[in-house]
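Below: the structure, in structure tokens.
The values are calculated or read from the model by the stated rules, or taken from the named source; none is laboratory data. In this text, all values refer to a predicted model and were calculated from it rather than measured experimentally. Cβ placement follows ideal geometry from the backbone for every residue including glycine, while neighbour counts extend to all protein chains displayed.
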Amino acid sequence: MRNWTSWIWPGVAAVACLTALALWLEHKVVEADLQTRTLAALEQQKHGWARLALDGRDLTLQGEAPGEESQSAALQIARDVYGVRIVRDETRLLPLEAPYQLSAEKTEAGVTLTGFAPDQATRAAIVAQLSQMLPGIAISDQIKLARGAPDNLMELAVYGMSAFPRFSTGTMEISDTTMRIGGQALSPEDHEAALQTLSVDPPTGATLETLEISAAGIEGGYRFAAEIDGSNLKLSGYVPDPDARAKILGTVGAVRADLTVADEMLYATGVPEGVDWAAAAAEAAALVTRMTQGRADIEGRRLDLSGQVTDGAAFREIQAALGGQLAGGLVLGTADIGVARVSPFTWSASVSADGLVMSGFVPDDATRARLSDAAGLKFGALAIDDRLQVASGAPEGFATAALAALQALSRLEDASVDLVDAKVSVAGLALTPPAQEAIADNLTEALPQDFAIERQIEIKRLPSEPLDEVGCQDELNRLVATNTILFETAEAGIAAHSHGFLDRIAFAAQRCGDARLEISGHTDSDGAEAFNLALSKQRAEAVLAYLSAAGVVSDRLEAIGFGESRPVGDNETEAGKAENRRIEFRVVN
């Protein structure tokens with residue numbers, strides 16, 4: 001009996017130990033599984049702040065919650081995990097900060113972040129954003145977690161640090177939604193770039209209370225330049241502060257309000273001793289605005305000036321200013337000022353199969369544009385070579401005389417017109433006898449009273465061989481492709497711009513022998529259909545009357561109106577409507 005007990009008790013002990021070990025291992029497996037699933041559920045719902053302690057299937061939730069809502073949500077998530085029996089709450093809320101502050105300070109050693117963030121994710125995102133803006137720079141992250149952050153704290157931080165790459169040193173401070181930004185610009189160019197970066201509105205609800213960017217010093221001479229070309233003025237170089245910039249721009253605007261000003265001035269320190277830079281630069285810019293073309297340069301204390309003025313009065317004004325004491329402590333270096341006055345004042349235009357050439361001088365860009373626009377209407381698709389230059393010295397009434405000469409030229413072939421001061425010379429071939437007479441009469445009536453006229457206008461002879469029907473149609477088609485007959489709006493009156501084009505149609509019609517021509521009028525779809533039909537007929541009849549007066553036998557001509565019924569373009573577009581407003585010519589048996 002004794003032997004039996006001696007071997008059974010060791011076996012019982014072994015079984016008990018193995019059983020206890022199995023139960024302990026199962027306990028740990030259950031804890032690990034619950035912990036893994038609970039942490040995953042919390043992480044998925046962005047509650048990474050929460051920590052866990054487990055005792056079997058009993059769970060204790062710990063950590064600092066960013067808010068009561070997050071705290072309650074995390075507890076509920078833990079309770080909902082399958083297998084959890086009891087959830088004990090040992091969480092607490094992050095401290096509440098009011099006002100909520102976040103700061104960044106950039107120094108030569110790196111950037112230090114202080115203040116608060118609502119959670120670790122936002123804190124990490126701020127650091128990551130700064131690292132991206134300033135790669136390789138040392139970052140000291142001293143941010144703590146606290147409640148009370150504005151909803152767009154991350155946007156505020158990004159905006160506040162956006163100019164840091166342009167600063168050698170700088171600070172950004174956020175207090176709730178109020179921001180203060182300051183820094184020392186790396187260079188004048190970086191100063192301008194920082195201002196441009198921060199010129200956009202801060203994030204919604206935020207206020208940029210202060211923005212103070214200190215100007216950078218420059219290497220080399222402190223300079224300023226003002227350059228004018230017609231009505232365009234460019235200002236470049238350096239200014240010490242916004243007040244100086246405003247004074248320069250204000251002076252320019254007061255002298256010439258019509259100028260288009262390109263402000264390329266940069267902020268920089270280093271104004272030469274004894275110079276009032278704002279006054280000096282404003283004086284230089286004001287002198288340049290009296291020129292048509294020119295430039296003023298300030299280097300240190302020296303002013304160099306060159307360019308051209310429109311007349312003697314402007315020349316005398318500049319000379320008087322340079323002869324006295326210059327503003328701001330400047331001293332005069334060089335001054336090369338010329339008067340852009342032409343004598344005699346000449347303008348000419350010539351027309352051939354190759355195109356229209358305009359050369360010589362005009363008093364201003366506005367007159368140049370008027371002549372160019374008129375040439376486009378009169379000569380249609382003919383190439384225009386504009387070689388005109390702006391100069392002073394034009395006689396009174398120049399624009400009127402040049403437009404009248406251009407009208408005469410549009411009715412001639414192999415022709416030229418010349419203006420020399422107040423004398424107009426016209427030479428060329430008129431296409432019909434009535435055109436020859438009308439050109440002379442119209443030119444006499446249109447020219448200003450003090451202008452003299454010299455005319456050498458002959459009549460172009462018709463070729464001896466008439467065109468057959470096919471050749472006639474081809475010639476008419478060629479002409480129609482080069483220009484358009486213009487009428488007064490919603491009327492049948494032919495615009496004077498189109499007289500030259502119709503003279504060419506009349507010359508072609510006379511080359512066609514006895515061929516009959518159909519003149520058809522067409523309109524766009526604007527207006528009533530009945531009105532358009534009547535208008536198209538009236539316009540065709542006006543063309544017929546013009547051709548008949550030019551010498552084309554009226555019995556060979558027939559006028560028809562089609563109104564808007566035969567469009568060739570899209571009436572939904574302005575270009576399509578222009579195509580539909582037309583006169584067509586067709587040779588008929």
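Residue 233 satisfies every condition listed in (1) surrounded by 13 or more Cβ atoms within 10 Å (Cβ to Cβ); (2) more than 24 Å from the chain's Cα centre (by Cα); (3) outside any helix (DSSP H, G or I) except (2).
Residues in the range 120-129: is at least one over 30 Å from residue 184 (Cβ atoms), among the aliphatic types (A, V, I, L, M) and assigned to a strand (DSSP E or B)? No, because not a single residue in the range 120-129 is over 30 Å from residue 184 (Cβ atoms), among the aliphatic types (A, V, I, L, M) and assigned to a strand (DSSP E or B). Taking the criterion of being surrounded by 11 or more Cβ atoms within 10 Å (Cβ to Cβ) and among the polar types (S, T, N, Q), the residues of the range 307-336 that qualify are 308, 310, 319.
Out of 314, 366, I need the residue that is within 15 Å of residue 230 (Cα to Cα), assigned by TED's automatic domain parsing to the domain that holds residue 245 and small (Gly, Ala, Ser). Which one?
Matching residue, one of 314, 366: 314.
Taken over the range 185-198, the residue count meeting the criterion of being in a strand (DSSP E or B) and surrounded by fewer than 17 Cβ atoms within 10 Å (Cβ to Cβ) is 0. With respect to the conditions (1) assigned to a loop (DSSP other than H, G, I, E, B); (2) out of contact with any helix residue (DSSP H, G or I) (no Cβ under 6 Å at 6 or more places or on another chain), residue 448 lacks only one, and its number is (2). Could you list, in sequence order, all residues of the range 492-543 that are among the β-branched types (Val, Ile, Thr) and in contact with a Ser or Thr (Cβ under 7 Å, 6 or more places away or on another chain)? Listed by number, the list holds a single entry, 523. What number of residues in the range 30-55 are of a type in the set (Gly, Ala, Ser) and either in a strand (DSSP E or B) or under 14 Å from residue 80 (Cα atoms) (or both)? Counting residues in the range 30-55 that are of a type in the set (Gly, Ala, Ser) and either in a strand (DSSP E or B) or under 14 Å from residue 80 (Cα atoms) (or both) gives 3. Restricting the range 268-295 to residues that are of a type in the set (Asp, Glu) and surrounded by fewer than 19 Cβ atoms within 10 Å (Cβ to Cβ) leaves a set whose member that is modelled with the highest pLDDT is 276. Residues being surrounded by 16 or more Cβ atoms within 10 Å (Cβ to Cβ), assigned to a strand (DSSP E or B) and among the hydroxyl-bearing types (Ser, Thr, Tyr) are entirely absent from the range 242-256.
Out of curiosity, is residue 589 polar (S, T, N, Q), surrounded by fewer than 17 Cβ atoms within 10 Å (Cβ to Cβ) and closer than 27 Å to residue 461 by Cα?
Taking the combined requirement at face value, the residue satisfies it.
With respect to the conditions (1) crowded, with 16+ Cβ neighbours inside 10 Å; (2) in a strand (DSSP E or B); (3) outside the structural domain of residue 353 (by TED's automatic domain parsing), residue 518 lacks only one, and its number is (1).
Might you let me know whether the range 327-335 holds any residue that is assigned to a loop (DSSP other than H, G, I, E, B) and out of contact with any Lys or Arg (no Cβ under 7 Å at 6 or more places or on another chain)? Within the range 327-335 (the criterion being assigned to a loop (DSSP other than H, G, I, E, B) and out of contact with any Lys or Arg (no Cβ under 7 Å at 6 or more places or on another chain)), the answer is no, since none of the residues qualifies.
Out of 533, 502, one residue alone is under 24 Å from residue 382 (Cα atoms) and either within 45 Å of the chain's Cα centre (by Cα) or among the charged types (D, E, K, R) (or both). It is 502.
Criterion first (touching a Leu at 6+ places or on another chain (Cβ under 6 Å), assigned to a strand (DSSP E or B), touching a residue at least 24 places away in the same chain (Cβ under 8 Å) and not charged (D, E, K, R)) does residue 213 satisfy it? In short, no. Looking across the range 308-326, the residues that are touching a residue at least 12 places away in the same chain (Cβ under 8 Å), over 12 Å from residue 284 (Cα atoms) and not in a helix (DSSP H, G or I) come down to 308, 309, 310, 311. Within the range 458-479, the set of residues being among the charged types (D, E, K, R) and surrounded by 16 or more Cβ atoms within 10 Å (Cβ to Cβ) comprises 460, 475. Residues in the range 130-172 that are assigned to a strand (DSSP E or B), closer than 22 Å to residue 209 by Cβ and either out of contact with any strand residue (DSSP E or B) (no Cβ under 6 Å at 6 or more places or on another chain) or not small (Gly, Ala, Ser) (or both): 167, 169, 171, 172. Take the residues in the range 359-391 that are assigned to a helix (DSSP H, G or I) and acidic (Asp, Glu), then tell me which one is nearest to residue 578 (Cα to Cα). Top of the filtered list is 373. Number of residues in the range 251-307 that are more than 31 Å from the chain's Cα centre (by Cα) and without any contact (Cβ under 8 Å) to a residue 24 or more places away in the chain: the value is 1. The residue that is farthest from residue 435 (Cα to Cα), among those in the range 535-586 that are hydroxyl-bearing (Ser, Thr, Tyr) and surrounded by 15 or more Cβ atoms within 10 Å (Cβ to Cβ), is 536. The combined condition, being under 14 Å from residue 506 (Cα atoms), outside the structural domain of residue 435 (by TED's automatic domain parsing) and in a helix (DSSP H, G or I), is not fulfilled by residue 536.
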